[in-house]
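For reference, the structure discussed in these notes is given below.
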Amino acid sequence: MHPQKDSQPASGLQHSLKQRHMTMIALGGVIGAGLFVGSSVVIKAAGPAAIISFMLTGALVVLVMRMLGEMAVAMPAVGSFYEYARLAFSDRPTCSALAGFLTGWMYWYFWVIVVAVETVAGAQLLSYWLPSVPQWMLGLGLIVVLTLTNLVSVKSFGEFEFWFASIKVAAIMVFLFLGALYVLGLWPSTSAGVASPGFTHFFAHGGFAPNGIVPILTGAVAATGFYFGAEIVTIAAAETAQPEKAVAKATSSVITRVLVFYVGSIFLVVAIVPWNSVAIGTPYVSALAAMGIPGAAQLMNAIVLTAVLSALNSGLYASSRMLFALTKRGDAPKALTKLSRNGVPVRAILVGTLFGYASVVMSYLSPDRVFQFLVDSYGTVAIFVYLLIAVSQLRLRRRLEREAPERLRVRMWCYPYLTYVAIFGMLSIVVAMAFIPEQRQPLLLGIASLGVLLLAYGVRALLGRRSTLVSTPNLNVRANHSHPPLAP
């Protein structure tokens, strides 16, 4: 195939994202509202040992991101792991089409639900300052503003995400610094005679693991969804001028992010706030209040709102780009392929927002049925996506070593052993969910969602809409982003 100029990429998407955008997209993807609010659920169940819960789940995410980094650097592609799932089973055309279909649509489903959930959450947070304004109006305003942002250009998305992520990262780093001073007895109030708790809360209320080992493992299951989002950087790689460099840099730093942002901040929270106190329900607000920081509730509300807006912004972006990729292989209607002058998949974005609008309405009309089904099912779907990513890397690595070893500039550690460890870990999470009462319903609903997608694929195949591009591809294209990355 002949190279194309960078100004006219094969996909039609623009290469407007810069390295600073990519770095913050990766950083912001790890830090969500789940860390600031949802972590309290894990701490209440596991006690101070919640640190181990987050370390276990974080380790799996680190491994998955390394796998994605290996594949994305070797084969930058619009749709990222959607394409890798197809390639991994290319020796079996039916499996190839099914793997791609399931990966792409499950990922799209996850993010459109995130759009809905974060819209509702954002409206609730805004009502803290605007109690007289109906929440549905606040939610509508949020989704409209961020939809317009995504419709303008990919650079517009990148700029918004850069600043959202910058605020989140700055907030976590300040918290880590101030929290460390407080725990070590270097905080002004402790110098004035107020005793620092030090590390006494780790053992003073029933011990480090007061409820035993089972809550630690169940906490790891619950924490899985908190980490999801780091993989967006591999999707965004198709819209940057240097995808290999951007992805390699972003994925290589994920270990530091997980250890510092999640494990480090949870460590400080349980050191400052007793795990069995009522205050742990709002862990970071309570930690700031314990340190005597004025306006802790207002400050944390603003930070959580930023995290919510970031997730909403990312959800609109990720769902639209995955839907755009699905159209290229015949897995979604071709009408959604249309791009604006700025290289933005307008219709794909709007379809995701329409689902978001509908879900917001459902959250008010039927919060105990339809909306709850969506919320309970999407976390399990995320695990299924990560599992497919790991299986894809396991199979593609063998082909790359055989056909194009020069492309393996980023390599999965201890292949294939750590890949098997990751697969085993994720399968263990799925199995564990069946034995954890509060996780049983999300598992069943996730499986039901998978069943619906299998049925949809069956209908698609029956109607003869399977893409002709399912034929066995090879790896004889260069890893240059200006080429169609996975040519048949």
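Observations on the structure shown:
- Of all residues in the range 210-267, those that are farther than 17 Å from residue 33 by Cα and of a type in the set (Lys, Arg) total 2.
- In the range 211-227, residue nearest to residue 156 (Cα to Cα) [restricted to those that are part of a helix (DSSP H, G or I) and of a type in the set (S, T, N, Q)]: 224
- Only one of 181, 138, 130 that is more than 23 Å from residue 61 (Cβ to Cβ), in contact with a Ser or Thr (Cβ under 9 Å, 6 or more places away or on another chain), hydrophobic (A, V, I, L, M, F, W, C) and modelled with pLDDT of 90 or more: 181
- One residue from 179, 185, 198 being touching a residue at least 60 places away in the same chain (Cβ under 8 Å) and farther than 25 Å from residue 37 by Cβ: 198
- Failed item in (1) modelled with pLDDT of 85 or more; (2) in contact with a His (Cβ under 7 Å, 6 or more places away or on another chain), with residue 157 passing the rest: (2)
- Residue within the range 455-477 that is part of a helix (DSSP H, G or I), surrounded by fewer than 12 Cβ atoms within 10 Å (Cβ to Cβ) and either at pLDDT 90 or above or at positive phi (or both) present: yes
- Of all the listed residues (258, 270, 233), the sole one being among the β-branched types (Val, Ile, Thr), buried (at least 24 other Cβ atoms within 10 Å of the Cβ), over 14 Å from residue 175 (Cβ atoms) and touching a helix residue (DSSP H, G or I) at 6+ places or on another chain (Cβ under 8 Å) is 233.
- Per-region count, the range 375-407, residues closer than 19 Å to residue 110 by Cα and among the acidic types (Asp, Glu): 1
- Qualifying residue in the range 344-351 (condition: buried (at least 16 other Cβ atoms within 10 Å of the Cβ), at pLDDT below 85 and not hydroxyl-bearing (Ser, Thr, Tyr)): no
Residues are listed down the side, and each one gets a yes or a no for (1) among the acidic types (Asp, Glu); (2) within 30 Å of residue 437 (Cβ to Cβ):
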residue	(1), (2)
36	no, yes
46	no, yes
60	no, yes
64	no, yes
76	no, no
83	yes, no
90	no, no
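- Within the range 107-139, the set of residues being over 15 Å from residue 353 (Cα atoms), touching a Leu at 6+ places or on another chain (Cβ under 8 Å) and aliphatic (A, V, I, L, M) comprises 123, 125, 126, 130, 133, 138.
- Residue ID - nearest to residue 443 (Cα to Cα), chosen from residues in the range 409-420 that are touching a helix residue (DSSP H, G or I) at 6+ places or on another chain (Cβ under 7 Å) and surrounded by fewer than 17 Cβ atoms within 10 Å (Cβ to Cβ): 416
- Inspection of the range 42-50 identifies at least one residue that is surrounded by fewer than 23 Cβ atoms within 10 Å (Cβ to Cβ) and either of a type in the set (A, V, I, L, M, F, W, C) or at pLDDT 80 or above (or both).
- Residue match in the range 217-229 (condition: within 16 Å of residue 62 (Cβ to Cβ), touching a Pro at 6+ places or on another chain (Cβ under 9 Å) and among the hydrophobic types (A, V, I, L, M, F, W, C)): no
The values are calculated or read from the model by the stated rules, or taken from the named source; none is laboratory data. On a predicted model such as this, the values are computed, not experimentally measured, just so you know. In this analysis, Cβ positions are derived from the backbone assuming ideal geometry, glycine residues included, and neighbour counts consider all displayed protein chains.
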